[in-house]
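Asker: Please find one structure pasted underneath; my questions will follow.
Coordinate-derived values only; no laboratory data. Every value quoted in this text rests on a predicted model; they were computed, and no experiment measured them. Cβ sites come from the backbone with ideal geometry, for glycine too, and all protein chains shown count toward neighbours.
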Amino acid sequence: MGTDSEKAIPPKVSRAAAEWLVELHSGQVGKEVREQWQAWRAAHPDHERAWQHIEMLGERLGGLSSSLAHATMAPRGSLRRRRAIKTLAMLLFAGGSAWVVQEKTPWWQLSADYSTGIGEQRRIELEDGTVVDLNSSSAINVAYTQQQRILMLLRGEMHVATASESATARPFLIASDQGSVRAFGTRFVVRQLTNEKDSPIKVGVLEGAVEVAPSEMPARVRLQAGEQLSFTRHMVTPIEPVIPHDTAWLQRMLVADDMPLGEFLAELSRYRKGSLGCDHSIKHLKVSGTYPLDDTDKVIEMLQQSLNLQVRMLTRYWVRLMPPAA
């Protein structure tokens with residue numbers, strides 16, 4: 001257990017702190033509003049810790065960027081103002097050591113800047129020229145200021161090719177509920193292995209280098225091109241070679257090399273709506289080959305034929321592979 005000063009700031013408090021910061025920069029602040037702000041700070045220790053964190057990061061942020069400063073002047077409740085509040089909360093509280101959100105569904109997940117549905121992929125070019133490819137059922141938020149560039153991985157998987165802008169001039173970070181990844185002129189992939197709160201984050205570097213910083217570990221781990229690892233808040237796996245076919249999804253393919261059937265179907269189900277699985281007795285059968293993600297029905301048919309299995313289908317959205325009939 002950490003000390004009170006090390007505990008994560010609750011999501012509602014982080015949002016309230018960001019709202020107060022936007023309010024105080026709105027140019028419409030009178031004595032009554034400042035008294036309410038001071039009363040909020042005094043109402044609970046978490047409130048004061050949140051505000052002290054804002055002040056601590058103030059110098060690093062260097063003030064609001066021009067776009068955020070402009071947004072603070074927008075009417076209360078407007079989309080532009082809500083976006084400024086979300087961006088500030090991300091900058092101040094997401095991915096920083098011991099300041100991560102520990103609830104399963106942080107409030108900012110409810111309105112992702114970019115997302116994909118099941119089976120959908122999407123390419124996004126950000127304002128600095130960075131290109132992000134989102135895999136199936138993935139979501140990110142984006143927070144760019146004059147001092148730093150942050151992508152928050154909310155769920156799923158992405159491939160990032162950072163722009164040529166100097167990483168020392170304006171750092172490029174991937175923030176998640178497990179920690180952060182800093183890129184150095186890089187092309188890399190980041191994936192949250194499941195949708196569970198404490199699910200590990202997997203990072204693989206294709207070009208350049210990244211630095212992984214788990215939120216509850218003082219050490220930083222640097223990955224070079226061709227290396228990968230997984231991490232949580234308080235754990236880092238050993239560095240391993242990147243598996244080339246892990247990025248086959250960029251070509252809308254799924255590649256398996258002696259993968260257990262149960263694992264293969266779990267991977268395939270990321271691209272298919274409904275429930276897909278197999279009987280426990282055949283989950284260890286090995287699958288090899290290259291399979292098209294645009295036609296998961298075809299993949300199921302290929303598995304049925306190559307492994308001599310039965311397919312039990314109640315509807316298209318409930319499919320089980322079964323042992324061959326006796």
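Asker: Classify region 186-268 from the C-alpha gyration tensor, please: rounded if a/c falls under 1.5, else prolate or oblate depending on whether a/b exceeds b/c. Don't skip to the answer; put the middle values down first.
Answerer: Working: a/c = 2.24, a/b = 1.38, b/c = 1.63.
It comes out oblate by the Cα gyration axes.
Asker: For the peptides 116-123, 265-272, what is the packing order when you average, over each peptide's residues, the other Cβ atoms within 10 Å and list the highest mean first? Numbers along the way, then the final one.
Answerer: Numbers: 116-123: 14.4, 265-272: 18.8.
Ranking the peptides 116-123, 265-272 by packing returns 265-272, 116-123.
Asker: Taking the Cα centre of region 171-323 as origin and charging only Cβ (+1 Lys, Arg; -1 Asp, Glu), how large is the dipole, in debye to the nearest 20?
Answerer: Details: 18 positive and 18 negative charges, 67 e Å.
So the magnitude is around 320 debye.
Asker: Follow-up question, since we're still on this one. Add +1 for every Lys or Arg and -1 for every Asp or Glu among the other residues with Cβ under 14 Å from the Cβ of Val203, and state the total.
Answerer: Working: positive: Arg182, Arg187, Arg191, Lys202, Arg220, Arg222; negative: Glu157, Glu207, Glu211, Glu227, Glu240, Asp246.
Local charge sum for Val203: 0.
Asker: Roughly how many debye, to the nearest 20, is the charge dipole of region 107-245 about its Cα centre, given +1 on each Lys and Arg Cβ, -1 on each Asp and Glu Cβ, and no other charges?
Answerer: On the way: 13 positive and 16 negative charges, 33 e Å.
The calculation lands at about 160 debye.
Asker: Evaluate the Kirkwood expression for the hydrodynamic radius of region 281-322, namely the inverse of the mean inverse distance over all pairs of different C-alpha atoms, and round to one decimal in Å. Working shown, then result.
Answerer: Working: mean 1/r = 0.0903 Å⁻¹.
Computed over region 281-322, the radius equals 11.1 Å.
Asker: Related question: Let a ≥ b ≥ c be the square roots of the eigenvalues of the Cα gyration tensor of region 107-245; is it rounded (a/c under 1.5), or, if not, prolate (a/b larger than b/c) or oblate?
Answerer: On the way: a/c = 1.28, a/b = 1.07, b/c = 1.19.
It comes out rounded by the Cα gyration axes.
Asker: Along the charge dipole of region 287-326, pointing to its positive end and built from +1/-1 on Cβ of Lys, Arg, Asp and Glu, which listed residue (Leu293, Ala325, Gln304) has its Cα farthest out?
Answerer: Checking the options against the dipole of region 287-326, the answer is Ala325.
Asker: Classify region 256-301 as rounded, prolate or oblate from the Cα gyration tensor: take a ≥ b ≥ c as the square roots of its eigenvalues, call it rounded if a/c is under 1.5, otherwise prolate when a/b beats b/c and oblate if not.
Answerer: In terms of gyration-tensor shape, oblate.
Asker: Suppose the chain between Arg220 and Met253 were pulled fully straight at 0.36 nm per residue; how much longer would it get relative to their current alpha carbon spacing? Show your work: numbers first, answer last.
Answerer: Details: separation 33, 0.36 × 33 = 11.88 nm, distance 3.33 nm.
8.6 nm is the gain from fully extending Arg220 to Met253.
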